[in-house]
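Take a look at the structure below.
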Amino acid sequence: MPASVIVPDASVLLKWVLESDDEKDRTKALALKESWLSGGCHVLVPSLWVYEVGNILGIKRPTAARQLLQSMIDLELEERKPNSYFDGMYRLMNKYKVTFYDASYHGLAISMGGTFLTADAVYAKKTAAAGHIALLRDWRPSES
């Protein structure tokens with residue numbers, strides 16, 4: 001496994017398929033995708049990612065949602081079920097008062113010694129003390 005484990009949340013993954021002015025830092029998200037595809041990092045996601053991404057695609061791009069989601073599924077992102085990191089998720093939820101959904105990405109990153117990558121500045125600020133988190137706007141691919 002490459003040294004760098006990245007757990008992108010839906011706010012990052014959606015930028016891989018949504019092209020619009022309201023998708024800030026899309027270039028950084030695409031750089032993550034390229035880094036992953038070229039072996040520069042290892043991307044993991046919690047198994048709920050498809051529901052979060054599918055929900056937003058259904059809202060933002062209802063006529064193209066099915067095709068866009070299928071293109072994401074076809075990438076075969078490596079999924080992890082939460083049973084191995086439930087405790088960490090609930091610690092994050094209780095300590096920082098965050099949702100189960102957000103804690104699933106962050107908890108996975110912590111359990112794998114990786115980095116949770118998000119575009120959600122509010123969440124990042126709230127949970128910065130937990131570590132293993134970076135904002136997409138600040139992320140740079142490793143030079144491996």
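The values are calculated or read from the model by the stated rules, or taken from the named source; none is laboratory data. Please read all numbers here as calculations on a predicted model, not as lab measurements. Cβ placement follows ideal geometry from the backbone for every residue including glycine, while neighbour counts extend to all protein chains displayed.
Of the residues HIS132, HIS106, only one is within 26 Å of LEU37 (Cβ to Cβ) and out of contact with any Leu (no Cβ under 8 Å at 6 or more places or on another chain); which? Explain how you work it out, then say what you get.
Numbers: HIS106 fails: out of contact with any Leu (no Cβ under 8 Å at 6 or more places or on another chain).
The match here is HIS132.
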> Looking at LYS33, LYS15, LYS28, which one is basic (Lys, Arg) and free of Cβ contacts under 8 Å to residues at least 60 places away in the same chain?
Replying inline: LYS33
> Within segment 43-92, which residues are of a type in the set (D, E, K, R), modelled with pLDDT under 95 and either in a helix (DSSP H, G or I) or in contact with a strand residue (DSSP E or B) (Cβ under 7 Å, 6 or more places away or on another chain) (or both)?
Replying inline: LYS60, ASP87
>> One residue is enough: does segment 20-38 have a residue meeting the conditions under 24 Å from MET89 (Cβ atoms), in contact with a helix residue (DSSP H, G or I) (Cβ under 9 Å, 6 or more places away or on another chain) and among the charged types (D, E, K, R)?
In response: no
>> Take GLY40 and tell me if it is assigned to a helix (DSSP H, G or I) and surrounded by 17 or more Cβ atoms within 10 Å (Cβ to Cβ).
In response: no
> Given the conditions (1) outside any helix (DSSP H, G or I); (2) within 17 Å of the chain's Cα centre (by Cα); (3) without any contact (Cβ under 8 Å) to a residue 40 or more places away in the chain, and given that TYR123 satisfies all but one, which numbered condition is not satisfied?
Replying inline: (1)
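Within segment 126-144, track down each residue that is in contact with a strand residue (DSSP E or B) (Cβ under 8 Å, 6 or more places away or on another chain) and not in a helix (DSSP H, G or I). Break it down into steps so the answer makes sense when it comes.
From segment 126-144, those in contact with a strand residue (DSSP E or B) (Cβ under 8 Å, 6 or more places away or on another chain) are 127, 132-136, 139; that's our starting set.
Correct list: HIS132, ILE133, ALA134, LEU135, TRP139.
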> Conditions: (1) part of a helix (DSSP H, G or I); (2) among the aliphatic types (A, V, I, L, M); (3) modelled with pLDDT under 95. LEU18 meets all but one. Number of the miss?
Replying inline: (1)
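Taking the options TYR105, TYR101, TYR96, name whichever one is surrounded by 13 or more Cβ atoms within 10 Å (Cβ to Cβ), touching a residue at least 40 places away in the same chain (Cβ under 8 Å) and over 21 Å from CYS41 (Cβ atoms). Full working, then the answer.
On the way: TYR105 fails: over 21 Å from CYS41 (Cβ atoms); TYR96 fails: touching a residue at least 40 places away in the same chain (Cβ under 8 Å).
Answer to the selection: TYR101.
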